[in-house]
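Participant: This is the structure, below, for whatever I ask next.
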Amino acid sequence: MKLFKCTHCGQLLYFENIRCEQCSYPLGFLGYARQLVPLVPAGGASYRVYNDGPQTYRYCANHDHGACNWLVPEGCGSPYCEACALNRTVPDLSVPGHLARWRTIEIAKHRLVYTLLRMGLPPAPKTQDPVRGLAFDFLADEPGGARVLTGHAAGLVTLNIAEADDLEREKARTLMGEPYRTLLGHFRHEIGHYYWDQLVAGTGELAGFRALFGDERADYAAALRRHYNQGAPAGWTERFISAYATMHPWEDWAETWAHYLHILDTLETAYAFGLRVRPGLAEPNDGLKADIRVDPYHLENFDALIGLWLPLSFAVNSLNRSMGHADLYPFVIPPAVMEKLRFIHGVCFRARLGEVHSTADATPAGAAGSRS
């Protein structure tokens, strides 16, 4: 995530801020410009951007619930911003606790959409494109009913809102034996399934995918049963980023895709802060030094990207340990996973440049991604 600054008073801002703490101007996020801007009332529910011309805006309709700070241009046909237009179902806000959980979910989802905008891969809502569009269902378990599983099916991402409760999520993480489980991580994983359908299925990228991740035509239901009955195979850490990635090629892609987004977003934050990693005991050739002077979203060279990430992740893990916390990035990237990340990096850049071409060979991802 980049840093934002109030253009009225110069105060540094967080992405989620709705008011400048220094000058008290209301703030709104312009999705198309990827800027958090101070606002001047323009009558009624309308605003103008401070010192930026006559164009007027209004807040996304979900601002009324304290769930969004994004802006919509006046005259736009939708009451929702680019991020909230992707919602198909939100929780019943009359139920105690649902509003707080939904607000937490929206923070993570808006950060995801910001990343997709920065990648040059903005998703269309299903209301505009029923076939290739994206939609979210945020659902709660019903008393006596079947448990809501987080997952993806044909462009519809379902998220159990219990994941927004820190205690419930930590219990699930411990039960599943996972080193890392966050709302943002869930979003990044599930959106990976969506982009497999968009960028790999039925394109010239499919052969490269199968060479690295395996044949996605393997029976998914059987793979799911095998994974939960037998666990990850011996030696999996040499070829996969997580135990869950071993379950099926679709899950391997989604897990690796999520880590690619972890890397991009964290490196952008480091770039925004002008971070340099220079451990005093490091030798010149041991790969632990980095001067993050380039926006990672513009870095087409994968080796240069990962050359910044490895020193940074070592540094932030060390900082976390100094505070008595677990590693911020509790993963080791083996060479086989590095090649999978390289492939995803290439797919994303080729898609951005319009170089992904359709073929007849395709197996849609279907209901991949359902998780306990």
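The values are calculated or read from the model by the stated rules, or taken from the named source; none is laboratory data. Values in this document were obtained by computation on a predicted structure and should not be read as measured data. Neighbour counts run over all protein chains shown; Cβ positions are idealised from the backbone, glycine included. In case anyone asks, the SASA skips ligands and DNA or RNA and just uses the protein heavy atoms, side chains included. Shrake-Rupley method; radii C 1.70, N 1.55, O 1.52, S 1.80 Å.
Participant: Could you tell me whether region 307-354 comes out rounded, prolate or oblate from its Cα gyration tensor? Rule is a ≥ b ≥ c as square roots of the eigenvalues, rounded for a/c under 1.5, then prolate if a/b exceeds b/c, otherwise oblate.
Facilitator: prolate
Participant: Does region 157-232 come out rounded, prolate or oblate, given a ≥ b ≥ c as the square roots of the eigenvalues of its C-alpha gyration tensor, rounded meaning a/c under 1.5 and, failing that, prolate meaning a/b above b/c?
Facilitator: oblate
Participant: So what is the diffusion coefficient of region 225-325 in µm² per second by Stokes-Einstein at 4 °C and 1.567 mPa s, using a Kirkwood Rh over Cα pairs?
Facilitator: Calculated translational D: 83 µm²/s.
Participant: What is the distance, in nm, between label points placed 7 Å from the Cα along the Cα-to-Cβ direction at Phe273 and at Glu300?
Facilitator: 3.1 nm
Participant: Under 8 Å for C-alpha pairs, at least 6 residues apart: give me the relative contact order for the chain, rounded to a whole percent.
Facilitator: Relative contact order, the chain: 15 percent.
Participant: Over the chain, give the accessible area per residue in Å² for a 1.4 Å probe, as an integer.
Facilitator: 47 Å²
Participant: Kirkwood-based Rg over Rh for the chain (C-alpha set), two decimals?
Facilitator: 0.96
Participant: While we're here: Which whole-number percent of Cα pairs in region 1-130 have a distance greater than 21 Å?
Facilitator: Every Cα pair in region 1-130 considered, those over 21 Å come to 42 percent.
Participant: log₁₀ I(q)/I(0) of region 190-259 at q = 0.18, 0.19, 0.28 Å⁻¹, via Debye over equal Cα point scatterers, no solvent, to two decimals?
Facilitator: Each listed q corresponds, in turn, to -0.67, -0.75, -1.38.
Participant: Given only helices, namely DSSP H runs of n ≥ 4 each adding -39500 (n - 2.57), what is the per-residue ellipticity at 222 nm of the chain, to the nearest 500 deg cm²/dmol?
Facilitator: When only DSSP H runs of four or more count, the value is -11500 deg cm²/dmol.
Participant: What list of ³J(HN,Hα) values in whole Hz, one per residue of region 75-83 in order, does the Karplus curve 6.51 cos²θ - 1.76 cosθ + 1.60 (θ = phi - 60°) give from phi, with Gly and Pro shown as x?
Facilitator: Once θ is set to phi - 60°, the couplings for region 75-83 become x, 5, x, 10, x, 10, 6, 4, 7 Hz.
Participant: Report, by chain and number, residues whose modeled amide H sits under 5 Å from the one on Gln35, excluding near sequence neighbours (fewer than 5 apart, same chain).
Facilitator: Hits under the 5 Å cutoff: Leu30.
Participant: Could I ask something else about it? Among 253-264, 234-245, 318-329, 5-16, what's the highest-first ranking by average C-beta atoms within 10 angstrom per residue?
Facilitator: 253-264, 234-245, 5-16, 318-329
Participant: Okay, moving on. If you roll a 1.4 angstrom probe over the protein chains with everything in place, what fraction of the accessible area of the chain belongs to carbon and sulfur, to the nearest %?
Facilitator: Here carbon and sulfur together make up 55 percent of the probe-accessible area.
Participant: From the square roots a ≥ b ≥ c of the eigenvalues of the alpha-carbon gyration tensor of region 128-263, which class results: rounded (a/c under 1.5), prolate (a/b over b/c), or oblate?
Facilitator: Because a/c hits 1.5 or more and a/b fails to exceed b/c, region 128-263 counts as oblate.
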